[in-house]
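The values are calculated or read from the model by the stated rules, or taken from the named source; none is laboratory data. It should be emphasised that the depicted structure is a prediction, and the values quoted were computed from it without experimental measurement. Every residue, glycine among them, receives a Cβ derived from its backbone with ideal geometry; neighbour counts consider all protein chains shown.
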Amino acid sequence: MGIYLIKRVLAIIPIILCLSFLAFVLINLRTSDPAEIALRVNQMTPTEDMVNAMRSTLGLDQPYFVRYFSWISKSIQGDFGESYVTHRPVAEHIATALPSTLQLAAVALLIIIVCSVVVGVLCALYEGSVGDKLMRAFVFLSAAMPSFWIGILLIWLFSVKLGWFDTSGMERVSSVILPAVTLSLGFVSTYIRLIRNNMIKNKNENFVLYARVRGLKESRITLKIFINSMQISMTALGMSIPKLIAGTVVVENIFAWPGIGRLCVSAIFNSDFPIIQAYILIMGVMFVICNLVVDMINMMVDPRLRKEM
């Protein structure tokens, strides 16, 4: 297990380097001059001397790969450069915005786990019932609706008409409910379908027949079916955690939530390239690390995977 872990950790190093290079290349494919943009966003009329001075300040007069290795070496230490707009370190902006995004993602993840497990298990146990058919229709509709449309509908109903929640911002504890529901709804429909289908499939496996022959209680048999059905769901859930954080871009802007997604959109409108680069790199690293953690958890839970090592 230890050797496998070391191999996986070593394997993610070139992946992260490729992600960082991709983030750097994508930003540098732009046609506009970052030095000129850095001057214009601060309401300064760029002249040739000012542009050249700004290029020297930003290190843009250095060779391409020198700039890349300088950026990635500083990023490893948590230094993502300075914002073009505020001239504050990008790390400060991320450190300010990230806790709000993590709070939103954590509440959404809790909703996903609770709703998916409860509804998915009930649909599998009562396969073909009226409730199962209604839930499958709900899953189909919620998966087809985009998150921005769901958010607007929730604001119209629960904020404008009923007045139960704030329309935007992070004023009270209850302010997180509408954006968290909006963020989680698409994932809930996916995991309800995944858990239901896996449990229905495992209900017909031989180990269930043997368990009933041994006289085990139905509650224990259901628990065994559920545990054996969770491997695929756990893998998908692990990959959904960074998707939740990355998916807050739309939701945070709808609900004016002061998180990293809204920070990224503001950076795009202001052409604040250091913040955009840092966002792409952080999201990519989160995907890779979450994938590694999920693989380790699956390895510990399922003995069959340890035998295949």
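Only residues that are of a type outside the set (A, V, I, L, M), assigned by TED's automatic domain parsing to the domain that holds R193 and at pLDDT below 80: list them for region 237-289, please. Hits for region 237-289 are G238, S240, P242, K243, G247, T248. Within region 99-108, count every residue that is hydrophobic (A, V, I, L, M, F, W, C) and surrounded by fewer than 17 Cβ atoms within 10 Å (Cβ to Cβ). The total comes to 2. The condition of being farther than 24 Å from Y126 by Cβ and either touching a residue at least 24 places away in the same chain (Cβ under 8 Å) or of a type in the set (F, W, Y) (or both) holds for only one of L194, L154, that being L154. Among the residues making up region 241-278, those that are among the polar types (S, T, N, Q) and out of contact with any Ser or Thr (no Cβ under 8 Å at 6 or more places or on another chain) are N253, S266, N270, Q277. Within region 238-265, the set of residues being at positive phi and within 8 Å of the chain's Cα centre (by Cα) is empty. Just to verify a result, which residue in region 31-65, among those that are over 13 Å from S271 (Cα atoms) and under 33 Å from the mean Cα position of the chain (by Cα), is modelled with the highest pLDDT? So the residue we want is F65. If we keep just the residues of region 114-139 that are buried (at least 17 other Cβ atoms within 10 Å of the Cβ) and β-branched (V, I, T), which is nearest to the chain's Cα centre (by Cα)? Per the stated criteria, the residue is V139. G215: out of contact with any Leu (no Cβ under 6 Å at 6 or more places or on another chain), in the same structural domain as I112 (by TED's automatic domain parsing) and not in a helix (DSSP H, G or I), yes or no? Taking the combined requirement at face value, the residue satisfies it. In region 275-298, the residues that are within 22 Å of A236 (Cβ to Cβ) reach residues that are of a type in the set (S, T, N, Q) and crowded, with 18+ Cβ neighbours inside 10 Å with C-beta atoms within less than 9 angstrom, at least six apart or across chains, in these pairs: G284/S20; V285/S20; C290/S240. There is no residue in region 188-200 that is assigned by TED's automatic domain parsing to the domain that holds T235 and either assigned to a loop (DSSP other than H, G, I, E, B) or at pLDDT below 80 (or both). Looking for something over 30 Å from M199 (Cβ atoms), assigned by TED's automatic domain parsing to the domain that holds A23 and of a type in the set (F, W, Y) - is there at least one such residue anywhere in region 52-67? The answer is yes, given that some residue of region 52-67 is over 30 Å from M199 (Cβ atoms), assigned by TED's automatic domain parsing to the domain that holds A23 and of a type in the set (F, W, Y). Selection within region 265-301: residues that are part of a helix (DSSP H, G or I) and of a type in the set (S, T, N, Q). The member of this set that is surrounded by the fewest Cβ atoms within 10 Å (Cβ to Cβ) is S266.
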